[in-house]
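Undergrad: The structure under discussion is supplied below as structure tokens; questions concerning it will follow.
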Amino acid sequence: MSSLIRLAEYRRQHRVVFFSRRELNQLLSLYSRRVMRGEWRDYAIDHRPGMAMFSVFRSSRERPLFSIAKRVSLTGPASEREAEFLLLNGRHRLGRASLLEDIIEQLESGLRVVG
């Protein structure tokens, strides 16, 4: 049996979150500096419901060292939605900010995984 799907509602519920060109430039600039220092070797960009993630790896065979996630609430009018940036290590949240620059500053300040 078939059912009617209202495209406007479907699109509203399945919005894709992405990094803006400015944000992506900032992330790739950070990545290139760390590659020049020999700290990072690979990156990945993933999209999940309500979230875009930029993950960095020491080796392509390992789990990510860090992930920077952009999370946007999918509910409410578009004018009220604000992005939130998270700094993650696995399931651990290391930082949260409303500006990507603040998350990058945390990484630049010498944040390292121990263990």
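The values are calculated or read from the model by the stated rules, or taken from the named source; none is laboratory data. It should be emphasised that the depicted structure is a prediction, and the values quoted were computed from it without experimental measurement. FYI the Cβ positions are ideal-geometry reconstructions off the backbone, even for glycines, and counts take in every protein chain you see.
Undergrad: Which of the residues spanning region 29-50 are within 16 Å of residue 85 (Cα to Cα) and either assigned to a helix (DSSP H, G or I) or touching a Cys at 6+ places or on another chain (Cβ under 6 Å) (or both)? Let's see the steps before the verdict.
TA: Our first condition is that a residue be within 16 Å of residue 85 (Cα to Cα); within region 29-50, this holds for 30, 45-50.
The answer is 30, and nothing else.
Undergrad: Pull up region 13-50, narrow it to residues that are touching a residue at least 40 places away in the same chain (Cβ under 8 Å) and of a type in the set (D, E, K, R), then point me to the one that is surrounded by the most Cβ atoms within 10 Å (Cβ to Cβ).
TA: Selected residue: 23.
Undergrad: If you don't mind, there's one more thing I want to ask. Determine, yes or no, whether residue 107 is outside any loop (DSSP other than H, G, I, E, B) and modelled with pLDDT under 90.
TA: On the way: outside any loop (DSSP other than H, G, I, E, B): yes; modelled with pLDDT under 90: yes.
Here the answer is yes, as residue 107 does meet what is asked.
Undergrad: In region 70-89, which residue that is of a type outside the set (Ser, Thr, Tyr) and exposed (fewer than 12 other Cβ atoms within 10 Å of the Cβ) is modelled with the highest pLDDT? Please lay out each step first, then the result.
TA: Looking only at region 70-89, we keep the residues that are of a type outside the set (Ser, Thr, Tyr), and these are 70-72, 74, 76-78, 80-89.
Checking the rest, the ones that are also exposed (fewer than 12 other Cβ atoms within 10 Å of the Cβ) come to 76-78, 80, 82.
Working: 76: 60, 77: 57, 78: 57, 80: 54, 82: 82.
Selected residue: 82.
Undergrad: Does residue 94 satisfy being modelled with pLDDT under 95, more than 23 Å from residue 16 (Cβ to Cβ) and part of a strand (DSSP E or B)? Don't jump to the end; show me each part of the working.
TA: Details: modelled with pLDDT under 95: yes; more than 23 Å from residue 16 (Cβ to Cβ): yes; part of a strand (DSSP E or B): yes.
Yes; evaluated as a whole, the condition is true for this residue.
Undergrad: Output yes when any residue across region 16-38 is among the aromatic types (Phe, Trp, Tyr) and either at pLDDT below 90 or farther than 21 Å from residue 99 by Cβ (or both), and no when none is.
TA: At the first step, the residues of region 16-38 found to be among the aromatic types (Phe, Trp, Tyr) are 18-19, 31.
Add one more test, that the residue is either at pLDDT below 90 or farther than 21 Å from residue 99 by Cβ (or both), and what stays is none.
Within region 16-38, not a single residue is among the aromatic types (Phe, Trp, Tyr) and either at pLDDT below 90 or farther than 21 Å from residue 99 by Cβ (or both).
Undergrad: Further question on the same structure: Which of the following residues is among the polar types (S, T, N, Q), at pLDDT 90 or above and under 15 Å from residue 101 (Cα atoms): 55, 67?
TA: Values: 55 fails: under 15 Å from residue 101 (Cα atoms).
None of the others qualify; the one that does is 67.
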